[in-house]
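The values are calculated or read from the model by the stated rules, or taken from the named source; none is laboratory data. A quick note: this is a predicted structure, and the numbers were derived from the prediction, not measured. No Cβ is skipped: glycine too gets one built from the backbone with ideal geometry, and neighbour counts run over all protein chains shown. Keep in mind that these areas ignore ligands, DNA and RNA; they rest on the heavy atoms of the full protein, side chains included. Shrake-Rupley method; radii C 1.70, N 1.55, O 1.52, S 1.80 Å.
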Amino acid sequence: MVKIAVLVSGGGTNLQALLDSEARGENPHGKITLVVASKPGVYALERAAKAGVESCVVSRKAYDSPEAFDAALLEVLQSHDIGLVVLAGFLSVLGPSVVAAYPRRILNVHPALIPAFCGPGMYGLRPHQAALARGCKVTGATVHFVNEECDGGPILLQKAVDILPGDTPETLQKRVMEQAEWKLLPKAVAMVCSGEIV
């Protein structure tokens, strides 16, 4: 059984999708055993508590350097015997030491079809704003392995979502989450836990 840590920074909708998928028995080879938030008071922590999952806060602001933050995060992950790390709206960039400790064992979901609208600063509503500004007819979401390049790791799964007339960044964000992110992320996690993707 692969122990999974989900790293969050906000409401935790992708975390909820993972918890719901697990409750339906869709990931028989993995279990979410830890939720790590980048700041206290985020709603994702309440979701973890409701699901009976241990949680903690490792705040970037509490450390005087990125290296110290990475060391603290790594200590938490390793002390919980974590085998797979899932970034679900986690807004702190993982440093080389964390990436090196979990080669092809860190997954991220990104709200665009990489290589479009990705990289540093492309998070939250920004990829959706960019897709609308460019006049795209289609956008979507991508689940990829994390490496040292922001949004640059090998792609596991992608799903396209139509952009509709009258879409705002907010309506597009909601549809991409519902139609792509919440489906792709649990599927990718289950595939990695089962050994289907090595």
message = Looking at residue 18 and the list (1) open to solvent by 30 Å² or more (accessible area, probe 1.4 Å); (2) touching a strand residue (DSSP E or B) at 6+ places or on another chain (Cβ under 8 Å), which single condition is not satisfied?
response = (1)
note = Picked from the range 21-54 (must be touching a Pro at 6+ places or on another chain (Cβ under 8 Å) and not in a helix (DSSP H, G or I)), the residue least open to solvent (accessible area, probe 1.4 Å) is 27
query = Within the range 47-73, which residues are hydrophobic (A, V, I, L, M, F, W, C) and within 17 Å of residue 9 (Cα to Cα)?
reply = 48, 49, 53, 56, 57, 58, 62, 69, 72, 73
message = For the range 81-93, check the following and say yes or no: at least one residue is farther than 30 Å from residue 176 by Cβ and open to solvent by less than 70 Å² (accessible area, probe 1.4 Å).
response = no
inquiry  = Criterion first (part of a loop (DSSP other than H, G, I, E, B), under 14 Å from the mean Cα position of the chain (by Cα) and either exposed (fewer than 15 other Cβ atoms within 10 Å of the Cβ) or in contact (Cβ under 8 Å) with a residue 12 or more places away in the chain (or both)) does residue 112 satisfy it?
reply    = yes
query = Which residues, taken from the range 75-107, are touching a Lys or Arg at 6+ places or on another chain (Cβ under 7 Å) and without any contact (Cβ under 8 Å) to a residue 24 or more places away in the chain?
reply = none
request  = State which residue is least open to solvent (accessible area, probe 1.4 Å) when the search covers only the range 1-12 and only residues that are touching a helix residue (DSSP H, G or I) at 6+ places or on another chain (Cβ under 6 Å) and over 16 Å from residue 82 (Cβ atoms).
outcome  = 12
Near pairs, Cβ below 6 angstrom, 6+ apart or cross-chain, from the range 37-57 (in contact (Cβ under 8 Å) with a residue 12 or more places away in the chain) to any residue that is surrounded by fewer than 17 Cβ atoms within 10 Å (Cβ to Cβ) and part of a strand (DSSP E or B) = 37/57; 40/57
request  = Tell me which of these residue 139 doesn't satisfy, since it passes every other one: (1) surrounded by fewer than 20 Cβ atoms within 10 Å (Cβ to Cβ); (2) touching a helix residue (DSSP H, G or I) at 6+ places or on another chain (Cβ under 6 Å); (3) farther than 19 Å from residue 10 by Cβ.
outcome  = (1)
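Here's the yes/no breakdown for (1) within 14 Å of the chain's Cα centre (by Cα); (2) of a type in the set (A, V, I, L, M, F, W, C):
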| position | (1), (2) |
| --- | --- |
| 66 | no, no |
| 75 | no, no |
| 87 | yes, yes |
| 97 | no, no |
| 105 | yes, no |
| 143 | yes, yes |
| 147 | yes, no |
| 155 | yes, yes |
| 163 | no, yes |
